[in-house]
Amino acid sequence: MPVGDSEEDFLVLGDAAWREVETRFQVCRRNQVDGLTIVMKNTAGERFRLVLGAKCNSTHELVRETGAGIRQTVCTAQGGTEIGRWQVVRLQCRAHRVKVWLGQRLLFDCAGGSAPFTGRIQVGSLTERLYVRGITMK
């Protein structure tokens, strides 16, 4: 399933009423411009933007964005995503914690903000078209 290149075209998974979510999917990037973006929110309205393959595919980062426009980097990890190859992404949000795997590698296990995460997740890219398949949710 192709996913568009603007946030309005992001694939939406789950439900905002859920308080726990675990999803797994495969993604394929076609170029190296930006990265796979996953947007999550907590019950306080803070947005968490996870970018896999950020900064010209050199790093992964989780950034917290408040309603006042303040951005804070919560976690970073070195590495990128392979261009043109299907890769498994696994994301788990439980209460205040988020865990992210790329393939078998655990990238992040960190607390995010002052309120629990909701179960709604958006997947896409701001600069390129992605392909997503094999979506599962718990």
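Scanning region 95-127 for residues that are touching a Lys or Arg at 6+ places or on another chain (Cβ under 8 Å) and over 21 Å from T76 (Cβ atoms), we see that the one that is modelled with the highest pLDDT is A95. If the condition is being surrounded by 13 or more Cβ atoms within 10 Å (Cβ to Cβ) and more than 13 Å from the chain's Cα centre (by Cα), then region 84-111 contributes W86, Q87, R94, A95, H96, R97, C110.
Considering only residues that are assigned to a strand (DSSP E or B) and open to solvent by 40 Å² or more (accessible area, probe 1.4 Å), look in region 72-83 and name the one that is modelled with the lowest pLDDT. Out of the qualifying residues, it is I83.
The set of residues from region 13-62 being assigned to a strand (DSSP E or B) and over 21 Å from Q87 (Cβ atoms) comprises D15, E20, K41, N42, R47. In region 128-138, the residue that is surrounded by the most Cβ atoms within 10 Å (Cβ to Cβ) out of those that are at pLDDT 85 or above and not charged (D, E, K, R) is V132. Is it true that T127 is more than 15 Å from F10 (Cα to Cα), polar (S, T, N, Q) and touching a residue at least 12 places away in the same chain (Cβ under 8 Å)? Taking the combined requirement at face value, the residue does not satisfy it.
Of all residues in region 18-49, which are of a type in the set (A, V, I, L, M, F, W, C) and open to solvent by 70 Å² or more (accessible area, probe 1.4 Å)? Once the filter is applied, which keeps residues that are of a type in the set (A, V, I, L, M, F, W, C) and open to solvent by 70 Å² or more (accessible area, probe 1.4 Å), region 18-49 yields W18, V33. Among the residues of region 84-104, is any polar (S, T, N, Q), at negative phi and either free of Cβ contacts under 8 Å to residues at least 24 places away in the same chain or out of contact with any strand residue (DSSP E or B) (no Cβ under 9 Å at 6 or more places or on another chain) (or both)? Yes; the residues of region 84-104 include at least one that is polar (S, T, N, Q), at negative phi and either free of Cβ contacts under 8 Å to residues at least 24 places away in the same chain or out of contact with any strand residue (DSSP E or B) (no Cβ under 9 Å at 6 or more places or on another chain) (or both).
Filter region 57-71 down to residues that are open to solvent by 50 Å² or more (accessible area, probe 1.4 Å) and of a type in the set (A, V, I, L, M) and give me whichever is nearest to the chain's Cα centre (by Cα). Only one residue fits best here, namely I70. Considering (1) closer than 23 Å to G14 by Cβ; (2) of a type in the set (G, A, S); (3) not in a strand (DSSP E or B), the lone condition that G134 does not fulfil carries the number (3).
The values are calculated or read from the model by the stated rules, or taken from the named source; none is laboratory data. Computed from a predicted model, the values in this text were never measured in an experiment. For neighbour counting, all protein chains shown are included, and Cβ atoms are generated from backbone atoms with ideal geometry for every residue, glycine included. Just the protein is used for accessible areas: all its heavy atoms, side chains included, with ligands, DNA and RNA removed. Shrake-Rupley method; radii C 1.70, N 1.55, O 1.52, S 1.80 Å.
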